[in-house]
Each structure stands twice: as C-alpha cells, then as structure tokens.
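Before any comments, here is the structure.
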Amino acid sequence: MKIIYSDVLVIGGGLAGLRVAIGVRRRGFDPLVLSLVPPKRSHSVAAQGGMQASLGNVIKGDGDNEDVHFEDTVRGSDWGADQQVVRMFVNTAPKAVRELAAWGVPWSRVRRGDREVIINGQKVTLTERDEAHGLIAQRDFGGTKKWRTCYASDGTGHSMLFAMGDRAIAEGVPVLERTEALSLIHDGRRCHGAIVRDLITGELAACVARATVVATGGAGRLYRVTTNAVINEGIGHALALETGVAALGNMEAVQFHPTGIFPAGILVTEGCRGDGGLLRDAEGHRFMPDYEPEKKELASRDVVSRRMEEHIKKGHGHKSRFGEHLWLDITLLGRAHIERNLREVKDICRYFLGLDPADKWIPVRPAQHYTMGGVRTNYTGQNPSLAGLFAAGESACWDMHGFNRLGGNSVAETVVAGMIVGEFVADYCEGAELEVSTTLVRDFVRREQSYLDGLCKGGKEDASALRIAMQEIMTAKVGIFRDGADLASAVEELRELHVRSRDIIVASRAPGANPELVTAYRTQKMLRLALTVACGALARTESRGAHFRADYPQRNDQQWLNRTLATWPDPGADLPTLSYEPLDIMTMELPPGWRGYGARNQIEHPDTEKRTQEVAELRERLATKGRFAIQEALMPYEQLLPEAIRGRNERIGEKLP
Amino acid sequence: MTGTTAARRLRIHVLRYNPAEPEKAARIQTYELDEAEGMTLFIVLSELREKHDPSLQFDFVCRAGVCGSCGMVVNGRPGLACRTLTAELPADITLAPLPTFELIGDLSVNTGKWMREMTERLEAWVHAKQQEVDLRRHEEHMDPDLADEVYELDRCIECGCCVAACGTAHMRQDFVGAVGLNKVARFSIDPRDERTDADMYELVGNDDGVFGCMSLLACNDLCPKELPLQSQIAFLRRRMARQA
C-alpha cells in the first residue's frame, strides 16, 4: 500500500487550490496539490472578462468601495448569501488584485485623459484622472453600480492562473498532476486525506494529511449544454457527499450565462456587454430595455438569461438548423477595441463560428455556467461536520453567492478564498497532529480497489449512455425555467439512471489510465450529484436568483429564506436527504428588498420590516461617524478575518494614514 | 459546407500506442463517421470515445482554445484539436501525438511535466525586488502600453506546439523551446522582475537556450496564439550575444 504524507492535501490545482497551497506553505506547512490536469490547464484559465475588486481607479468607478461591492453582491445573490462572508470577501478582493499585480499579472492599466466608450448604445467621452494613470483599470459588468471589474484584456483568468501557477512553482509547491481523488478517508468525525488514482498508470495510493481541501471547481458537466470545461464534473462535490457526513449547500442554485455561443455553448465574456455590446433578436431589435429598463443588458445573469429565453418563447428567436438563438452585437465597439480588449472573443468567433465579430453579430443562447452550491463550510472554509475537511472556490458553499453569482465575482472568490481559507487551514494544522490508523487507510484502499474491480467484472450498462441521458434530463428539466411536474419527472428518471449505474460494465482491460473505467466511476458520482440538484430544486417551492419555478414565481422570504443542505448518509439509498439552515434577517446588514432589477414581487418575512427600520435608524444616528463606524455597528465582521489580511484598502479618494 | 451538400464521410486515422502494453505495437486505427456542421476534432474524438471506442486516449479540457491541453499532430501539423474544424480538412484526417513529449497513450502526451521542468529551469516567474508588499496600499504604477506589451507575451498557453514543431528540440533534448525563450522575453520587459540581461544570460545564453535556435521558425508559423516568436527570439539573441 502506497501512502503519501503531507500536512495539507489540496484536491484541485486551479486558482483557489493553488492559493491555499501557497498560503499554507508560507506558514511553514507542507502542501500537496492533486490535479486532474497540469494546474495551468484548470478551468480558472477560461475566465475571460475579469475580477471584481473595488479599487475605483477609473472615473466610472469613482465612489466605489467595499460597501457598494457588498450591496451589489448581496442583491445579486437574491439575499441567499451569508452577509458576513460577503463582507470578508469584499474587503479582501482589493488585496488579492494587488497581490496578483505583485506576482506578475499584467492587469490592463488606466491611461490619463479622454477616451471614447460605448454606454447604452451611445458614444460617450470619459476623462480619466492624472493620479489614476498607470493604476489597474476596471470595466463595467452586470449587476454592479460601479465599474469594478479588473481585467487583463479578456484573458484575465489565464493571466491570473499563470501568475499563480508560476508562484506555486517558485515556492516549491509539489503537484501530483494527472491524479484523481476517488474518495475521502474519514472516520465519520475527521477527514484524513483521500484515496487517489494515478491517471497515467492507474495505480491507487493513499494521500494522508492533517487537513484536506476540496478546490475542484464546478459541476457544469451535469448539463448537456455548458460553458464549463470537460473536467468540471463535480467530482469534488461528490467526494464530500459520499462521506455521508458532510453536507452540500444550495445545489439547486445553478447559473446560466446569457452568452454561450450557439450551439457549442462556449463562453463569450460578459465584458462584451460590459463594454457596450447589445443583445438583439431575429428582427435585429434590441429587446432588453423592454424588459429591464434600469439595467438593460447589464442586469444580473439570472435575469438576463430568463429574459432571453422568455423572448425566444414569444417567437423572436432566430431560427437555425440547430434550434433558435439570439444575437450579441459588439460591432458598435469598433475593431480597435475588439482587437485590444476582446481578443479571445474574436478568436473564438473566428475558430468556432467562422465569423469576425467586428463585422457580424454573434449567435448566442444561455448555457449552464456556474455552480453556486458546494461543500458547505463555515466562514473559515471548514466543513462543520467533518473536522479537517475544507473547501474553497466554486466547489465550496461558505456562502458568498447565494442563489446567483455576479460576473467577475468568481475568479475574485477563488483567490480571496484561497487567501482566507489558506490561513485557517494553517491555523487548524497548528492544533491538529496527523492521527490516522493505518487500518482505516487500508480499509479505504481496499474498498476503492474492490469497487474498481467490480466495475470491470460484470454488468450491462453503458456509462457514456447513462451520462448523456443524465445531461439531457438536466438541461431539459432542471434548467432556467423549472416547474414541479418537470422536476418530479427529472428526479424519477435520474433515480432510475442512478440505480442502473450500479450495473455499469467496463469492457476495456487495458492497463494504465483506462478512460473507459474513468467514465464509469465518475458517472455514478455525477448521477448522485445530479439528484441533489434536482431534489433540491423540486423541494424549493419559490423563485430565488437563478432558481426559477414557473409554478412559484415569487421569492418567498417567509418560508424559504434558508440554505438547502443535502447529505447522502446511506450509500445504498436512492435519494439524498435534505434539510434546511435558516438565514437570520435580524443580523443582516442589508435586509431583504428589491434587487434593483428583475421581478418586484417577493413575499416578505415578518422580520424584514423590523430589521429595515432598525438599520435605517442606526444609519441616521451614526450618519456623521462615517461609513466604517456605520458598518461596524450594523454587522461586525473584521474579527472573523485572519489577522494577516485585515485592514482598510487605499483608494484615490481614501488615503491610508 | 452548404445545407444541400450530402454530409461527408470522414475517415479518422489515429496513431495508437499504449506504453503500458509494450507488447502491442504502435498502429494506425481508422474510424469512420459522418461529418456534421460546425464539427471540430473535439466533437469527433468525443463521439468516437462515447460511441465507438471508450479506450481511446486524448486530452481536452476547455475545448475553447484557451487551456492548451489538446495539442496534437493533425495531418502532419501540430495544432489545437479543439478548435480545428473538420470542414477545413480533407475527408481523411490523420491524428498523431505531439512528438518530443513523453507519451501517455494514443494522442495524450505529458506536456505538463515538460513545462514544469522548463519553468523551474528558467525560473520563469517574477523575481521581485521586495518580497513583502503592503496589500492595503495602491499597487505599483505601470505604463498602460507596457502592461499591454507584457500581456501580449503572457498569452502563451504552454500547449507545446512550438516544441513539437522545433527542429532543435528534436535534436537537443534540453532545448527550452520557443515557449521558454518567450518566457524569458516576457519577464525581461516586466519592470516588476529585477533580473538583468546578465542574469538571463545565465539561463539561456547557451545552445540549450537562445543560441540553439536554428531560425527554422516553425514555432512562429504554428503558434495557436500567434505570439510574435520570431521577433522575440531575434531580440533575445541580440541581447544575449551582447552579454557574451
């Protein structure tokens, strides 16, 4: 039995995982990163448009700060987020951008003087300030009051991941590339690492650690049409679920991005609309102002995606042989702008659609994009049920996005969570020795080996066929518009597929990685995860953020201001177990209200009015004390942050002493 | 392809070999399938694995041309399979793994290991003047044009096509390739990196570095990101020659 020891096992080599590993390394612990692929090929690389942080360097970001970023994020989440976590996040995001600047990210910079931009379809001249010249620039994104999204052209995720990956190499962080975790080693109370499989040789090993961090990204591949990379299968989520102890939070909260290219589903960035691009229908009409007069194309993603589908249903989609779609028009931005700031978009259009977006409109339709749900953790990133199990980034639910994430907040979350959770993991390691019985480890290795052997022995089901059936059910019935009947039939069909997945046959006996075996064991995990999404969606009889029920179109704070928790305690069970964790309005800094876009028809919770009044009184009473005093009185959070990253952020209008 | 033309029947010839089964000789296996509109080699290979041959090995991650996983030799030319449209190829398509890199199986090669070793050897990261920065304060200023220039060279996705296409890399196992030389060029113009030309000379001032390049420049012709490799290698060679 091969056992590999480290202090911290990080599962996932994207931005979040690498930043956690660097953090614990700097605190004197030995990390070990597992990655399905070379880390720089992780899906973080695909983030195009940028990272939100309230630096406020550009003139349209003037007046931005943590308070504005906080409110935008909470409204975006449709009040599903943990507001203390959001506060920790918005205060750390500027530090994360600045850290990456020091590590080499070539952030696009502000140039002093006049420049022409497109706002609401019109040419506008902006004058950038002298003192901002050479500082990091921001662009506009959906659901934000200020221009806040920092970017490196439209290859932001690429530049961030390469800087982070190179930093990890510089600090000697070891990575087991092409290695996959099959299960978490645990005794029901504490997590001790993972059983892993080498995707070159096929060999199993046990990675034993004091702390284990799941940083495996999203689960987009549960759906047939997704912007996600092919490795985003939600395996990290499933590992936690299969412990039977750890819960997943809000798995029904799934984001659909408005502009996947049609029909391939490859993403074109929100930066297209942020920079002034418009959505048009089959007749060439710009339809978003008809639905969303305030934010138009730049309402939050859940709202824009729903409006697009609604418009198609009304018969305004352009008909093609693959089905109907709408158009994204960026021709008005001009060739020079596209070739400097939207060059990945230009490449994607050229290679996948054979068109030049400076001359022609881009065919788009919403596609699955982001998994708001994840391994439930507290603000430190640690799972409350299984000590030593942490999660960070898209695979975590700590929970800063609630039921809808804002564009630009995902890559921001990865590095911010990496910074914060990395410190807490190190704190945990200071108090937790490596204590694991080799019998337990051997049992887990045996269990996995006999499971894999079993897959190769018999059965009759084709894993690929089951997977395609699952993806089609998810896209058709657990998508943008949901209703009780569709969801009930989705649960039933997925349940049946899950049962059948116990009888998968793997024909290939080829030594080595054996891709057929990989498909087989992942498919069963994915089916469990798909069931947690569908069951959560069926149970939640309201509409909140990206979770939209046509049969329950109102947000219902009275009954549903809570977080779904899904566990799978009995491995033989057909369905997950759901429970709920309430959100307390009386401790919220921003009590529930209208988001500023989308429907205005929520069913109020009785506490909302009380808390709203309390907050208003407090704001009035402390009006002269400044924003920091008001914030602290409303909802103290700074004591929750690791000491190393506390403190205010400098801006042009807010100098530090 | 127009709607009226009958779909072509594609013949996909894949060079297959599994190093874990050395007793089975390398062979060309041919698969046939109908072409569809907008079909890429990603769609072709995924369909082959889903429906015809689940044992076929290849690597895709982003399938959008940004992660660099799927470099392979397509009808004799290294390129990114995910964004190669079958419509641009003849009906007979021959696929082989990238040479130079360690073969994992069939079309899958270990570019990750090669790239990490190259990065370690060239210390391809910012060597900052001061290690600790106060994250609460303004970032260092940078000229906007210079930031764009750094970004231009930062766009390399480490796909390995330049190495697979390189005459020197075939002869000299330790040659750092256009990917490595481009990194040195990238960090040389980055004001945050304190290394001088003399430091860079220590890293690439030899035949495994910039003086190994024979200026065949297939790298420049094939780079999927269209990086200006020809001019960067030329500038670097001149600067390094001056150091010598």
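Compute for the range B:1-156: radius of gyration divided by Kirkwood radius, i.e. Rg/Rh, restricted to C-alpha atoms, rounded to two decimals.
1.12
Between A:L640 and A:D290, how high is the FRET efficiency from 1/(1 + (r/R0)^6) when r is the Cβ-Cβ distance and R₀ = 60 Å? Nearest 0.05.
0.90
Enumerate the residues in the range A:57-100 having an amide nitrogen under 16 Å from the point lying 7 Å beyond the Cα of A:N120 toward its Cβ.
A:60, by backbone N distance to the label point.
Could you work out how much longer the chain between B:E140 and B:R242 gets when fully extended? Use 0.36 nm per residue separation minus the Cα distance between them, nm to one decimal.
So the chain would gain 33.7 nm between B:E140 and B:R242.
Add +1 for every Lys or Arg and -1 for every Asp or Glu among the other residues with Cβ under 9 Å from the Cβ of A:I312, and state the total.
Its environment carries a net charge of -1.
With only alpha-carbon atoms in the gyration tensor, what are the semi-axes of the equivalent ellipsoid for the range A:601-657, in Å, largest first?
In descending order, the three semi-axes are 28, 16, 11 Å.
Considering only DSSP beta bridges where both residues belong to the protein assembly as shown, give the percentage that are antiparallel (nearest 5).
70 percent
For peptide A:344-357, how many partner chain Cβ atoms fall within 10 Å of a residue's Cβ, on average?
3
Which value at 222 nm does the protein assembly as shown reach when only helices count, each DSSP H run of 4 or more adding -39,500 (n - 2.57), with the total divided by all residues and rounded to the nearest 500 deg cm²/dmol?
-10500 deg cm²/dmol
In whole angstrom, how far apart do the alpha carbon centroids of the range A:329-380 and the range A:467-542 sit?
28 Å
DSSP loop trypsin sites (Lys or Arg not before Pro) in the range A:1-79 with at most 13 other Cβ atoms within 10 Å of their Cβ, which ones?
Here the trypsin sites (Lys or Arg not before Pro) that fit, given the DSSP loop and packing criteria, are A:K2.
Given labels modelled 7 Å from the Cα in the Cβ direction, how far is it in nm from B:D34 to A:K2?
Here the answer is 4.5 nm between the modelled labels.
Just to check, using Stokes-Einstein with a Kirkwood Rh over alpha carbon pairs, what's the diffusion coefficient of the range A:551-607 at 20 °C and 1.002 mPa s in µm²/s?
156 µm²/s
Taking the Cα centre of chain B as the origin and placing charges on Cβ (Lys, Arg +1; Asp, Glu -1), which of B:P144, B:M214, B:A244 is farthest toward the positive end of the dipole?
B:M214
With r defined as the distance between the Cβ atoms of B:R8 and B:K51 and R0 fixed at 25 Å, what FRET efficiency is calculated, to the nearest 0.05?
So, using R0 = 25 Å, E works out to roughly 0.85.
For A:A550 and B:T196, what is the calculated FRET efficiency with R₀ set at 51 Å and r taken between the beta-carbons, to the nearest 0.05?
Efficiency at R0 = 51 Å is approximately 0.20.
Among all the lysines, which ones have a C-alpha under 29 Å from A:K123's C-alpha, if same-chain residues fewer than 8 places away are not counted?
A:K60, A:K145, A:K146, A:K295, A:K296, A:K346, A:K360
Between A:Y580 and B:H170, with labels modelled 7 Å along Cα→Cβ, what's the label distance in nm to one decimal, could you check?
Those two pseudo-labels are separated by 6.7 nm.
What is the spin-label model distance, in nm, from A:D570 to B:E21 if the labels are put 7 Å beyond Cα along the C-beta direction?
Inter-label distance under the simple model: 4.2 nm.
Could you compute the longest span of chain B free of trypsin sites (Lys or Arg not before Pro) located in DSSP loops and having at most 12 other Cβ atoms within 10 Å, not counting the site residues?
B:130-244
Could you size up the charge dipole of the protein assembly as shown around its Cα centre, putting +1 on the beta carbon of Lys and Arg and -1 on that of Asp and Glu, and report it in debye to the nearest 20?
820 debye
Can you give the mean number of other chain Cβ atoms that lie within 10 Å of the Cβ atoms in peptide A:460-471?
1
Take A:R509, project a point 7 Å from its Cα along the Cβ direction, then tell me which residues of the range A:454-468 have their backbone nitrogen under 19 Å from it.
Of the residues in the range A:454-468, A:454-461 have backbone N under 19 Å from the label point off A:R509.
Dipole of the range B:31-116, Cα-centred, from +1 at each Lys and Arg C-beta and -1 at each Asp and Glu C-beta, to the nearest 20 debye?
540 debye
List the GluC sites (Glu not before Pro) within the range B:1-59 that fall in a DSSP loop (any state other than H, G, I, E or B) and whose Cβ has at most 10 other Cβ atoms within 10 Å.
Here the sparse-neighbourhood loop sites are B:E23.
For the range A:558-657, with only Lys/Arg (+1) and Asp/Glu (-1) charged at the beta-carbon, what is the dipole magnitude about the Cα centre, in debye rounded to 20?
Charge dipole of the range A:558-657: 580 debye, to the nearest 20.
Could you tally the net charge around B:C161, taking each other residue with its Cβ under 11 Å from the Cβ of B:C161, Lys/Arg +1 and Asp/Glu -1?
0
Near A:E604, within a Cβ-to-Cβ distance under 13 Å, what is the net charge of the other residues, with Lys and Arg +1 and Asp and Glu -1?
0
Taking the Cα atoms of the protein assembly as shown, report the difference between the largest and smallest coordinate on each principal axis, in whole Å and largest first.
78, 67, 67
Values in this text are rule-based calculations from the coordinates and carry no lab data. Remember, it's a predicted structure, so these values are computed and weren't measured experimentally. Positions of Cβ are generated from backbone atoms using ideal geometry, with glycine treated the same way; all protein chains shown enter the neighbour counts.
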